[in-house]
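The values are calculated or read from the model by the stated rules, or taken from the named source; none is laboratory data. A quick note: this is a predicted structure, and the numbers were derived from the prediction, not measured. Neighbour counts run over all protein chains shown; Cβ positions are idealised from the backbone, glycine included. Note: accessible area is taken over every heavy atom of the protein model, side chains too, but ligands, DNA and RNA are not part of it. Shrake-Rupley method; radii C 1.70, N 1.55, O 1.52, S 1.80 Å.
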Amino acid sequence: RVVNSLKPNLLASCLFENAPITAQQRELELARADYFKKFIELSKKEQEYPTADDSLRSALVNEYRLLTKEETDILIDFIKKHPDYYVSLFWFCYDVTNRIISRPDSALALFKRLDPKLQQLPEAQTVLQRITNKIALTQNKTLPEFSIPDTSGNLIAPAKYRNKYLLIDFWASWC
């Protein structure tokens, strides 16, 4: 029998009664219970002021930012406490990484805390590649070697512009 989650999400659609992953998700939901209450209160507060002035709107946006940070901290703490839970890997891959990818070293450190068996799963390897790519492309790092064709079909390699400023603009006609 499929069971519901406190908050609809991807994982909720695959939770089954008496399954270990369901118990893990419920444990996480308990850890996030106060966050959910605050989020509902803030949503109600926002609905009370549909035409709020800029200062009130700014205050609400700031409250949402703080609440998002609080939720991120809860998820990170949960992952640290339960590195062997598949639910920890799930939330790391599909939520936490997106929130902390601007700090790829922190994301990598958290990834390394996951159980080695979980780290070997395909979804974990995909996220690990994303993190390592982000680390490789951070500011003050050397651009990886590659070449791409210009509009005339001639290959351009950033290596021949080494020690010069280089602007690379990737775009597509459908954007």
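Can you compute the helix-only [θ] at 222 nm over the chain? Use -39500 (n - 2.57) per DSSP H run of at least 4 residues, normalise by all residues, nearest 500 deg cm²/dmol. Before the final figure, lay out the partial values.
Numbers: 8 runs with 95 residues, N = 175.
Taken over the chain, the calculation gives -17000 deg cm²/dmol.
With charges only on Cβ, +1 for K and R and -1 for D and E, what is the dipole size of the chain about its Cα centre, in debye, rounded to 20? Provide the component values of the computation, followed by the final result.
Numbers: 24 positive and 22 negative charges, 105 e Å.
I would put it at about 500 debye.
Give the accessible area for Phe78 in Å² (nearest 10); use a 1.4 Å probe, count only protein heavy atoms, and leave out ligands, DNA and RNA.
Result for Phe78: roughly 10 Å² accessible.
Can you compute the equivalent ellipsoid semi-axes for the chain, i.e. the square root of 5 times each eigenvalue of the Cα gyration tensor, sorted largest first and rounded to whole Å?
For the chain, the ellipsoid semi-axes come out as 37, 26, 16 Å.
Along region 62-70, what does the Karplus equation 6.51 cos²θ - 1.76 cosθ + 1.60 (θ = phi - 60°) give for ³J(HN,Hα), rounded to whole Hz, x for Gly and Pro?
5, 4, 4, 4, 4, 5, 5, 4, 4
Under 5 Å between amide H atoms, partner at least 5 residues away or on a different chain: which partners does Ile156 have, H built in plane at 1.01 Å?
Amide H neighbours of Ile156: Ile148, Asp150.
Going by accessible area, probe 1.4 Å, with all protein chains left in place, what is the ranking of Lys134, Lys117, largest first? Don't jump to the answer; show the numbers that get you there.
Numbers: Lys134 85, Lys117 165 Å².
Result, largest first: Lys117, Lys134.
Report, to the nearest 10°, how far helix 33-48 tilts away from the longest principal axis of the Cα atoms in the chain, using its own Cα long axis and a range of 0 to 90°.
Around 80 degrees separate the two axes.
What ranking, highest mean first, results for peptides 39-48, 124-133 when packing means the other Cβ atoms within 10 Å averaged over each residue? Present the calculation step by step, with values, prior to reporting the outcome.
On the way: 39-48: 12.1, 124-133: 15.5.
My ranking of the peptides, most packed first, is 124-133, 39-48.
Residue by residue, what Karplus-based ³J(HN,Hα) values in Hz, rounded to whole numbers, does region 160-167 have, using 6.51, -1.76 and 1.60 with θ = phi - 60° and x for Gly and Pro?
These are the phi-based 3J(HN,Hα) values: 6, 10, 3, 6, 10, 6, 9, 9 Hz.
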